[in-house]
Amino acid sequence: MKKIEAIIQPFKLEAVKEALHGISVQGMTVTEVKGFGRQKGLREVYRGMEYQVDFIPKVKIEVIAPDDKVETIVKTIMTAARTGRIGDGKIFVSPVAQVIRIRTGETGDAAI
Amino acid sequence: MKKIEAIIQPFKLEAVKEALHGISVQGMTVTEVKGFGRQKGLREVYRGMEYQVDFIPKVKIEVIAPDDKVETIVKTIMTAARTGRIGDGKIFVSPVAQVIRIRTGETGDAAI
Amino acid sequence: MKKIEAIIQPFKLEAVKEALHGISVQGMTVTEVKGFGRQKGLREVYRGMEYQVDFIPKVKIEVIAPDDKVETIVKTIMTAARTGRIGDGKIFVSPVAQVIRIRTGETGDAAI
Amino acid sequence: MNPANTAFVLVSAALVMLMTPGLALFYGGMVRGKNVLATIMQNFVLLAVIGVQWALVGYSLAFGPDVGGVVGSLEWLGLQGVGAEPFKAYSETIPHSTFMIFQAMFAIITAALITGAWAERMKFNAFLVFILLWSTLVYDPVAHWVWGDGGFLKGLGALDFAGGTVVHINAGAAALAAALVMGHREGYGKEAFIPHNLPMTILGAGLLWFGWFGFNAGSALAADGLAASAFVATHLATCAAVLSWLATEWLVRGKPTTLGAASGAVAGLVAVTPAAGFVGPMSALLIGLGAGVFCYLAVLAKVKLGYDDSLDVVGVHGVGGLWGALATGLFASKAVNDAGADGLFFGNPALLGIQAVAVLVTIVYSFVLSFVLLKVVDALLGLRVARDDEVAGLDLTEHQEAGYSL
Amino acid sequence: MNPANTAFVLVSAALVMLMTPGLALFYGGMVRGKNVLATIMQNFVLLAVIGVQWALVGYSLAFGPDVGGVVGSLEWLGLQGVGAEPFKAYSETIPHSTFMIFQAMFAIITAALITGAWAERMKFNAFLVFILLWSTLVYDPVAHWVWGDGGFLKGLGALDFAGGTVVHINAGAAALAAALVMGHREGYGKEAFIPHNLPMTILGAGLLWFGWFGFNAGSALAADGLAASAFVATHLATCAAVLSWLATEWLVRGKPTTLGAASGAVAGLVAVTPAAGFVGPMSALLIGLGAGVFCYLAVLAKVKLGYDDSLDVVGVHGVGGLWGALATGLFASKAVNDAGADGLFFGNPALLGIQAVAVLVTIVYSFVLSFVLLKVVDALLGLRVARDDEVAGLDLTEHQEAGYSL
Amino acid sequence: MNPANTAFVLVSAALVMLMTPGLALFYGGMVRGKNVLATIMQNFVLLAVIGVQWALVGYSLAFGPDVGGVVGSLEWLGLQGVGAEPFKAYSETIPHSTFMIFQAMFAIITAALITGAWAERMKFNAFLVFILLWSTLVYDPVAHWVWGDGGFLKGLGALDFAGGTVVHINAGAAALAAALVMGHREGYGKEAFIPHNLPMTILGAGLLWFGWFGFNAGSALAADGLAASAFVATHLATCAAVLSWLATEWLVRGKPTTLGAASGAVAGLVAVTPAAGFVGPMSALLIGLGAGVFCYLAVLAKVKLGYDDSLDVVGVHGVGGLWGALATGLFASKAVNDAGADGLFFGNPALLGIQAVAVLVTIVYSFVLSFVLLKVVDALLGLRVARDDEVAGLDLTEHQEAGYSL
Ligand SMILES: Nc1ncnc2c1ncn2[C@@H]1O[C@H](COP(=O)(O)OP(=O)(O)O)[C@@H](O)[C@H]1O
Ligand SMILES: Nc1ncnc2c1ncn2[C@@H]1O[C@H](COP(=O)(O)OP(=O)(O)O)[C@@H](O)[C@H]1O
Ligand SMILES: Nc1ncnc2c1ncn2[C@@H]1O[C@H](COP(=O)(O)OP(=O)(O)O)[C@@H](O)[C@H]1O
């Protein structure tokens, strides 16, 4: 099993979710994060003082998936999250040793 | 060492924390997340418009632990977080290569 | 590639960011988390009732990096985040199998 | 000159002034967090924009010496001659300046009401230009017709105690034009547009209710039995509308909502506005009951009709004002106010006709002119922010600020 | 008829009306975020529910022509005969309708106060039924006893300027019954029940303080020296209670808290309410000093006694009102208001006894009847939401809304 | 005795009271979330602290029987003799106690204004000690000089209708001293100090604007043409200042901000305060226009000058008050208020000189004494919280609370 983490633009969440549903991925966990990268943050002005807000609000999607689905999922996220502009984000894939469903105690692929 | 991630119902956080203390796990990191899965979100109504809120507020607990403690920890979380209803959540276990305590520079199991 | 996760004191975020920029790490993702550990939370008092707030607000920094940079990054974070007091936090390093940049489709070290 | 009346109307003016910040919060809580400041700003800044416009030209156009029944002359430009002496045609017992500033607050809040229609997508500069034009070319004349000494709808015998026609129908018609001209918000029908802070909306509704006592009772321009009667009618209609909105909602959707309670309150306040000084307490209750049901259904109908009036200005102010104006034609009674008239239920069907004419004239004038003005401003400046800016939120893109940094 | 008095009481009525949204925020900030709307809703909706009840039956029961000293007759149902003419027994200088609407706001806020006792766990439908019964069967008679023309406690000589007995003790006794009948919130004693938004609570306290000037000074029913005296007493007692609450807290807990300042303010306002028009400024200071200490200790005692009065209605309104009613028996002085009486410290120990009787009668009546009514409603509808709903929060489960979507 | 005037001034006192919670929110929204309660607390608690100080000694020092033109005697300690009878030197038509409590609210808000200078770093106990000393040794005498019967600046002919000198310049000078003595906040110039909740700030500004009608129009102490004139001037100056602040900002920074609108409103309110009862509406507009520009530039200048006046008390209240006091010397006109004087533009250059003297005396006295008092309190208690506490936030470390637990 693998964990697929994607850092994407918040306004792309809806599209990515739909796309994943399209390939029968139902479960995922989403976190609001602050991204630092090439994309520059906006400037805010308060009483004449200007502040460069250096982080950008992003959304992190985590999906645990069986090894054989990883490629499809990664491709699907890529297509749905892409605008072609700086700041589109990244996808990271990492190994997962075990998965357990709390309700039933099922483990492995059955638990996903 | 392993990282144990558990996505649980927010109102079970207290119980899980207590249970982990009970087996001498003191350290953990908790994040508020939005879960998508089998469990259906509630409907909200605003001026007659109905919105299906498709995510469910969940809490993610991360515990880094030595390999030999992983099983006990997973079991403990399972027991404490379980209600038997859909939406109880998942536990993921994944490998960790190194741990460092910032304050002291200790590494490995000593740093946990 | 590796994922470096550091749980640090929120007021150290600025310093850590600067330090990482100093060694040319531009990209990172930051999450607000609640830490439980040795450090004791503050007491809050409401109408005479005292509550021990047992978690401490922390910040989690995630950086994906090529294997050869991991050591430098870990050291840099350690130095910048350290106050020497309990609660300084931890750094975890774990394996990452693949990285993809959504915008371009680049993978591996080129995508970081 | 009567100091008690002066005190009452000055305090009422302060109460009405507070309605605009109240409306800013009422609206601000209903938008998404990324647009909260832009929404609040479009209300708050109108205190200033229309405040100055009113002193320079607006008051003269609306209440100045009559020109052919349709508009005031320019004699009172810059408040010339508007001083401590009462102006008898409006009130013999309070300073002319007191009447003027009381009315200023009405001009301000009317413009502010419309902003709910285009919330979350209008450019700030285009908004400023449009609203200045609208206030000068639509609000000021309509106020003259209904309330100005010599105004033609007043001459006709149309009753509008505190602004059902001038304020609410007028704003509602403009809002409809705006919703049609501006089109849907990005994501309309696909994304959930969920109010980001309902306690803020409730606070706003509370301040509106509070300020509305100044609006309606203050419109008696004296601290007398009529003011008391208008105060009571205002309160009871509002109460009834809260209950009927909640009850309808409970039936239709299965739960009574907090936003429904706040919306019902505003609907009731709107509907009783034209009637406040002409109807008894039980009539006010009935007007309120009607308002809660009609406005709730109007809001539901919007979804069917498919226009995107973001914060339901049409459904609440347009429909509520319409119902109130007609209901005045039903429930008005000389027993309550003999300077008024009897309505249909008190034996005089003619009043209902007159009310209908006043309503119609206002709707047509306001809708058409608003439509044209919006098209003109769109051609000159563009009404909508860029798509990306709308996605990012107007707070950052129009004002370089963030509402919250918690 | 005196227009100045009319203006003063109408504005006061508006101020008192604002106290209910103020209370909604005061309470709303103190609950957890998942219950903010449900808490606010239970206050806001009472404006409407009791507003209508008052016009239909409540006013007649409380202030209508006396029936045996215990209740008003039904003669004024639907506000029949309550119009612009003054009703001399209550005031010769303001329209009867003005007095009626001023009193309406008192009936509303009293019901709203009680909601703090069952916050975070009561069903909305059961709440509506109970509160309607309570207002009709408890509030209206008690108001008649103390303030109604012919009321038996009034006849006894009990003093209650603006509602220490009628409003605060009455609400406090009902709250105690409610806390006992409803039991603890889920997680009581295990989880931290931390106020989710204290700035909201402070805002609420500020609006309450502001509105309370209408409550207390307005109760003079005239813009005269007595109103001024009540205004001053109100302010000074409140100031003193803030200081004494903070000081006690500072001693006991080591830090003065913002919630303590807000709570102290309310405690002071409560305690001075019965006394406001009968005591001088230095007496008011002392009453306030006492209120801060006694109410703070009462709140601490709750934890020991083990009942879950969520937002301390008993500790603040019950105990504060009790102290204020008795303190009126101590500090009242005919030099301040010769329509009143002298208290113990001014040579007349009898007053203290009379006050004690009034207090006792009210507590017993209100507690017992509230208890019974709650049990009845519990049997019919169930008072508490389901356990899961309580965990998920009442905003979602009772109203299908969320307070914030930031 | 005139009940209308009494009603008007009592209601005005309530409005001015509301300004302090309003200011608490205005300031509270501008600090970081970890300091929101501490900031609000320093305002809210002053209602109590200065409220009590005023009754015990402050009123007597400020308005009591004159001692050598510089201070009131102690004759009225504890409000002895301050009752329902009018005190002619201040007003023949309202109870003395009414005047006293109206003035109490001025003393409170003035102290509260200063707290913006040291926001996010001052210890609560040191704050209490300093502010009590300041109010007694600085505010009370200065109020006596300008408004007290026999005060020497009043004797000189200096005009200050509602407190440009006494309130705003006085607070601004103290704020400057505080910013200099206390030094920068931790992280100044490195971290972004971003307002955590701007809707809260806007709400505060709205309440300030509302309350300010009581402040300025109420200062007429009668519900007459003068009050109406002051009301109108207040509104127009504020409107103009909003527009000119926004316009300047738009030119300088490229976007008009919501915080700019709120700040401009306060700047306009400040500047018109001394002038409100002496100038006509068009003069008021010009005063407002100036205020928006000057205060905006003063705020920008702060950054250059390098002192850390956290919430711009100097830039807005100091500079705004200064401009307003001098502008009174320019625009005052006997045609508006013949108890006043003509200003430079109405043919009397002398007034400008007198105003300048009054301003100068106040600035020097307030700045020097504030500086000394701060140094004394610093030596005794320490003014600043510990570095770690400042980083953790004052809500937790000074009050053991958290503003939000969402
Ligand atoms: N090395 C990294 N480690 C972790 N997160 C990263 C890294 N680099 C980028 N990110 C995340 O990806 C987001 C997008 O990166 P950015 O450089 O702005 O644009 P792009 O994705 O187009 O390369 C960042 O905001 C950050 O959240
Ligand atoms: N494949 C997955 N990857 C990541 N998170 C998941 C995945 N499946 C479920 N989750 C998380 O677990 C939560 C519970 O899952 P759900 O399907 O609702 O019920 P259950 O845990 O009973 O199977 C979800 O809300 C989501 O946060
Ligand atoms: N075993 C663990 N797993 C995950 N996170 C941990 C673990 N132990 C500590 N942490 C995180 O590190 C933070 C600091 O730990 P703490 O024990 O307080 O001090 P120190 O870092 O000095 O050892 C905690 O607040 C928590 O977020």
Query raised in the report: For the stretch B:14-86 and the stretch D:329-406, what is the separation of their Cα centres, given in Å?
Result: 49 Å
Report task. At 0.36 nm per residue, minus the direct Cα-Cα distance, what do F:LEU406 and F:ASP338 gain on full extension? Give it in nm, one decimal, please. Result -> 18.8 nm
Query raised in the report: Name the chain F residue with the Cβ nearest the axis that maps F onto D: which is it, and what is the distance in angstrom?
Result: F:ALA4, 2
Query raised in the report: Which loop trypsin sites (Lys or Arg not before Pro) in the stretch A:64-97, with loop taken from DSSP, have no more than 15 other Cβ atoms within 10 angstrom of their Cβ?
Result: A:ARG85
Query - Among E:LEU113, E:LEU269, E:LEU381, residue whose mean-square fluctuation peaks in a GNM of chain E (springs only between Cα atoms under 10 Å) - result: E:LEU381
Query - Potential lengthening between B:ILE86 and B:GLU14 on full extension [0.36 nm per residue; Cα-Cα distance subtracted] - result: 24.0 nm
**Report entry** Calculated FRET value between D:ALA350 and D:ALA89, using beta carbons and R₀ = 30 Å, to 0.05
**Finding:** 0.75
**Report entry** Choice from A:GLU44, A:GLU71, A:GLU32 showing the highest fluctuation, given a GNM over chain A with Cα pairs closer than 10 Å
**Finding:** A:GLU44
Query raised in the report: Between E:ASP149 and F:VAL252, what is the spin-label point distance in nm, taking each point 7 Å from the Cα along the Cα→C-beta axis?
Result: 6.5 nm
Query raised in the report: Taking chain E as a Gaussian network, Cα atoms linked when under 10 Å apart, which of E:ALA230, E:ALA89, E:ALA291 shows the biggest mean-square fluctuation?
Result: E:ALA89
Report summary line: For chain C, longest principal axis from Cα atoms; helix C:13-22 axis from its Cα atoms; angle between them, nearest 10 degrees, is 20 degrees
Query - Rounded to whole Hz, the Karplus (6.51, -1.76, 1.60) HN-Hα couplings of the stretch D:284-291, x for glycine and proline - result: 4, 4, 5, 4, x, 4, x, 4
**Report entry** Pseudo-label separations to other copies for F:VAL372 - Cα-to-Cβ vector, 7 Å, nm
**Finding:** 7.1, 7.1
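With a sphere of radius 10 Å drawn around the Cβ of C:PRO95, what net charge do the other residues whose Cβ falls strictly inside it have (Lys, Arg +1; Asp, Glu -1)? Walk me through the intermediate numbers first.
Working: positive: C:LYS2, C:LYS3; negative: C:ASP67.
The answer is +1.
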Requested in this report: Evaluate the distance, in nm, between pseudo-label points positioned 7 Å from the Cα of F:LEU180 and of C:THR72 along their respective Cα→Cβ axes.
Outcome: 4.9 nm
Requested in this report: Report the local net charge at E:LEU74: Lys and Arg +1, Asp and Glu -1, summed over other residues whose C-beta lies under 13 Å from its C-beta.
Outcome: -3
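Taking the Cβ of each residue in A:ARG47, F:ARG253 as the centre, tally the other Cβ atoms inside 10 Å and list the residues starting with the fewest.
Details: A:ARG47 23, F:ARG253 18.
Arranged by neighbour count, lowest to highest, A:ARG47, F:ARG253 become F:ARG253, A:ARG47.
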Requested in this report: Please work out the Cα center distance from the stretch F:15-86 to the stretch F:215-232, rounded to the nearest Å.
Outcome: 22 Å
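Starting from the eigenvalues of the Cα gyration tensor, five times each then square-rooted, give me the equivalent ellipsoid semi-axes of the stretch F:3-399, largest first, whole Å. List each step's numbers first, then the result.
Working: eigenvalues 189, 126, 70 Å².
Equivalent-ellipsoid dimensions as semi-axes: 31, 25, 19 Å.
Can you list the trypsin sites (Lys or Arg not before Pro) in the stretch D:298-398 that are in a DSSP coil and have 16 or fewer other beta carbons within 10 angstrom? Show your work: numbers first, answer last.
Numbers: sites: D:LYS302, D:LYS304, D:LYS334, D:LYS375, D:ARG384, D:ARG387; in loops: D:LYS334.
In loop regions of the stretch D:298-398 (DSSP not H, G, I, E or B), the sparsely surrounded trypsin sites (Lys or Arg not before Pro) are D:LYS334.
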Report task. For chain E, build the charge dipole from Cβ charges (+1 Lys, Arg; -1 Asp, Glu) around the Cα centre, then report which of E:GLY151, E:PHE231, E:ALA119 sits farthest towards its positive end. Result -> E:ALA119
Query raised in the report: From the label point of E:VAL129, set 7 Å along Cα to the beta carbon, how far off in nm is each other copy's matching point, shortest first?
Result: 6.1, 6.1
Report summary line: At q = 0.15, 0.16, 0.24 1/Å the base-10 log of I(q)/I(0) from the Debye formula over the alpha-carbon atoms of the stretch E:258-365 is -0.62, -0.69, -1.23
Query raised in the report: For the stretch F:335-377, what mean projected area does the convex hull of the alpha carbons give, in nm²?
Result: 4.0 nm²
Report task. Kindly express, to the nearest 10 degrees and within the range 0 to 90, the angle between helix F:319-331's C-alpha long axis and the longest C-alpha principal axis of chain F. Result -> 20 degrees
Query raised in the report: How large is Rg over Rh for the stretch D:5-89, taking Rg from the Cα atoms and Rh as the Kirkwood inverse mean of 1/r across Cα pairs?
Result: 1.10
Report task. Read phi for every residue in the stretch E:268-278 and hand back ³J(HN,Hα) as whole Hz from Karplus 6.51 cos²θ - 1.76 cosθ + 1.60, θ = phi - 60°, with x for Gly and Pro. Result -> x, 4, 4, 5, 7, 4, x, 8, 3, x, 10
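Place a +1 charge on the Cβ of each Lys and Arg in the stretch C:2-111 and a -1 charge on the Cβ of each Asp and Glu, then give the dipole magnitude about the Cα centre in debye, rounded to the nearest 20.
On the way: 18 positive and 14 negative charges, 71 e Å.
The calculation lands at about 340 debye.
If each residue of separation counts as 0.36 nm, what is the full-extension length gain between F:ARG387 and F:VAL364 once their alpha-carbon separation is subtracted? Spell out each step's value before the answer.
Details: separation 23, 0.36 × 23 = 8.28 nm, distance 3.19 nm.
Difference between extended and current length: 5.1 nm.
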Query raised in the report: If you add up the charges near D:ALA84, with Lys and Arg at +1 and Asp and Glu at -1, over every other residue whose beta carbon is less than 12 angstrom from its beta carbon, what do you get?
Result: -3
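Write down the Kirkwood hydrodynamic radius of the stretch D:58-160, to one decimal in angstroms, obtained as one divided by the mean of 1/r over all alpha carbon pairs. Intermediate values should be presented prior to the final figure.
Numbers: mean 1/r = 0.0691 Å⁻¹.
With all distinct Cα pairs of the stretch D:58-160 included, I get 14.5 Å.
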Query raised in the report: Per Stokes-Einstein, at 10 °C and 1.306 mPa s, what whole-number D in µm² s⁻¹ belongs to chain B, with the Kirkwood radius over Cα pairs as the hydrodynamic radius?
Result: 103 µm²/s
Report summary line: For the protein assembly as shown, one quarter of the surface area of the C-alpha convex hull, expressed in nm², comes to 50.3 nm²
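What range in chain E is the longest one free of GluC sites (Glu not before Pro) that are in a loop by DSSP and have at most 14 other Cβ atoms within 10 angstrom?
Working: sites that count: E:GLU75, E:GLU92, E:GLU191.
With a cap of 14 other Cβ atoms within 10 Å, the longest stretch comes to E:192-406.
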Query - Cα-Cα over 28 Å, subset of B:LYS75/F:LYS34; B:LYS90/C:LYS2; A:LYS90/C:LYS69; B:LYS2/C:LYS34; A:LYS34/F:LYS190; A:LYS40/A:LYS60 - result: B:LYS75/F:LYS34
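Let me know the mean shielding of D:97-104 by other chains, meaning the per-residue number of their Cβ atoms within 10 Å of its Cβ.
On the way: counts 8, 9, 1, 3, 11, 2, 0, 4.
Mean partner-chain Cβ count within 10 Å for D:97-104: 5.
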Query raised in the report: From the label point of F:TYR188, set 7 Å from Cα along Cα→Cβ, how far away are the matching label points in the other copies, in nm, ordered shortest to longest?
Result: 5.0, 5.0
Report task. Mind listing the long-range amide H neighbours of F:ALA119? Cut-off is under 5 Å, sequence gap 5 or more, other chains count too, H placed in the peptide plane at 1.01 Å from N. Result -> F:SER310, F:LEU311
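No lab work stands behind these numbers, since they all come straight from the coordinates. These figures come from a predicted structure and were not determined experimentally. Neighbour counts are summed over all protein chains in view; Cβ atoms, including those assigned to glycine, are modelled from backbone coordinates with ideal geometry.
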